[in-house]
1. Residue 66 - would you say it is within 16 Å of the ligand (Cβ to nearest atom) and in contact (Cβ under 8 Å) with a residue 60 or more places away in the chain?
2. Could you go through the stretch 635-647 and let me know if any residue there is assigned to a strand (DSSP E or B), surrounded by fewer than 19 Cβ atoms within 10 Å (Cβ to Cβ) and out of contact with any strand residue (DSSP E or B) (no Cβ under 8 Å at 6 or more places or on another chain).
3. Which of the residues spanning the stretch 260-280 are assigned to a helix (DSSP H, G or I) and in contact (Cβ under 8 Å) with a residue 60 or more places away in the chain?
4. Hey, can you tell me all the residues within the stretch 352-376 that are assigned to a helix (DSSP H, G or I) and modelled with pLDDT under 95?
5. How about the stretch 165-179: which of its residues are within 22 Å of the chain's Cα centre (by Cα) and outside any loop (DSSP other than H, G, I, E, B)?
6. I need the strands (runs of 3 or more DSSP E) fully contained in the stretch 61-134, keeping only those with at least 1 residues that are touching a helix residue (DSSP H, G or I) at 6+ places or on another chain (Cβ under 9 Å), modelled with pLDDT of 95 or more and under 20 Å from residue 454 (Cα atoms).
7. I'd like the full set of residues that are more than 8 Å from the ligand (Cβ to nearest atom) and assigned to a strand (DSSP E or B), limited to the stretch 24-44.
8. Restricting to the stretch 422-470, name every residue that is in a helix (DSSP H, G or I) and over 23 Å from the mean Cα position of the chain (by Cα).
Ligand code: SF4
């Protein structure tokens, strides 16, 4: 047994029979530290690393299943070219040379005939450097169209913090909070929070008060002092209600508000537009609970708000996150030990520089979805805008897409529309680990390498950087996405912006640290120095130097300078007519054993959740003549899907929780893996209204009905 180490395994050395290598998981934002047991050339076991500062030994079922993922017999091993019709499952293996030559020729011909913007690059959840490489490629190639999940994942929260504080705002992992609000995050199961689970557990064991805001009674909600179950999608209204109580009961931190914020008086006036009886009615949260939450949060310090992905999923996303950011400020919990802190940036190459955004500034007028100014300024476009552009050839025709680690048929809203758009594309390339419903529609599929199979750093951009050393060879001819993009760039004539070897980019990112990648591998992690109350020395990094409750910047961009809530369409309050036919309110949840739409083909994980399950209150089920275990249809005005019914007495009787991301690899290519049978995005809408700054769509809180299948 070799002592766990970040040190690289030297090529050519005689390897010990068995060794443990320390690294990190790159499958989700948890970035858990791992101890990987390697025997010969094979990973045989993955355990949580108790010494990891990020996860302290935690490991979810997906991390433990990594050996099954790596050595799954269905891993794509060679580039494939489609032979027959789209979606018929007829493929031939080709060389990388042929694949890249074909892709380069097609992309260059679209660029010549229709402009570079006719080519779109689409990405999924960023894992390592594939987003940075794809952005660099897009800049140099000339397309402003990089579609990411940013508008429904992280960017509403990140940008709300940026406009309010001038920097990101996260929970403190070094000092324990005395009060924790977990809002729209099932953080014990799907890691999307900024404090680690071990900090959460320590704080609770230390007696911290816990408030959980979630329509579902999660494991964490069971431990909460106060569990609030709002109507799905109404969190923005609830945040304004909590704010109203804090202001009207004088629960704010007067010193901090007076010295370090701008616009509080305007907020005090503005909040009068949100009477508590209306908030109570539309959120379904009794006003006593709203007041209790406000008092607990405001009066126990230090307090942190851990917000989750659910808040990104409505047309109120950004304004909801602005409201919560302001709660953090007026409660006086900003940048204090155990509160919500402003981490300093780490000294690495700035992402915008790496992505060549200065050399090739994105032309907003050429960008699909350029009207979403905050998305455009962050160099991404909302995904539904791409789909509409493909279908309607507006603002111009889109001819080709390069999709990297993303499965739009399952993850984009309004899946039928997405299917039509993908079928209409003249040329589609997908880079993936396995065949997926989306990959089956491609012209060329590229085999991607994954965890442990190549040298990388990540996440990037981020507030910390991790080393992911190569531990084993990938199977067949799998390549990392950064290698694929680097080599493709050379084929399309962009070699001056890329590298002889893609790993040279790692040194560029690390350049300001003075470390090479080989040296950084021994460190493993780069984190900023922790300092509290930095604003007392240098102010906040906003134009005013203070926390901007009233945002002049947003006003100048044409967005509300104070947080607002607009009732989305298709709710019981905005569409009472529709609610007569579709009387239930839909939301969705991810199972802890799957990442988004991935992993349904991994036996160890599928055993944990063999079927998609829709949850309903027993009272509602009885009224509809349904019992636990029945197959049921869940239907909106766009279509219906089928999932297995699971009764849940803790759910509001008006709510349905549907499992997210389901398809059935076992059904095979001939049925396109049953992509539409249980797919929640058959039910969701891609039409306006969108969140005006970012383009977020309404994925939660829409009207539906349930019946026996
Ligand atoms: S997938 Fe699991 S093991 Fe991997 S980072 Fe996320 S929580 Fe950690």
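1. Yes.
2. Within the stretch 635-647, one or more residues are assigned to a strand (DSSP E or B), surrounded by fewer than 19 Cβ atoms within 10 Å (Cβ to Cβ) and out of contact with any strand residue (DSSP E or B) (no Cβ under 8 Å at 6 or more places or on another chain).
3. Of everything in the stretch 260-280, those that are assigned to a helix (DSSP H, G or I) and in contact (Cβ under 8 Å) with a residue 60 or more places away in the chain turn out to be 260, 264, 266, 267, 270.
4. If the condition is that a residue be assigned to a helix (DSSP H, G or I) and modelled with pLDDT under 95, then 364, 365, 366 are the ones that fit.
5. Across the stretch 165-179, the qualifying residues are 165, 170, 171.
6. Result: 119-123.
7. 33, 35, 36, 37, 38, 39, 42, 43, 44, listed by residue number.
8. 423, 424, 440, 441
The values are calculated or read from the model by the stated rules, or taken from the named source; none is laboratory data. Treat the numbers as computed from the prediction; the structure is a model and nothing was measured. Every residue, glycine as well, gets a Cβ built from its backbone with ideal geometry; the counts of neighbours run over all protein chains shown.
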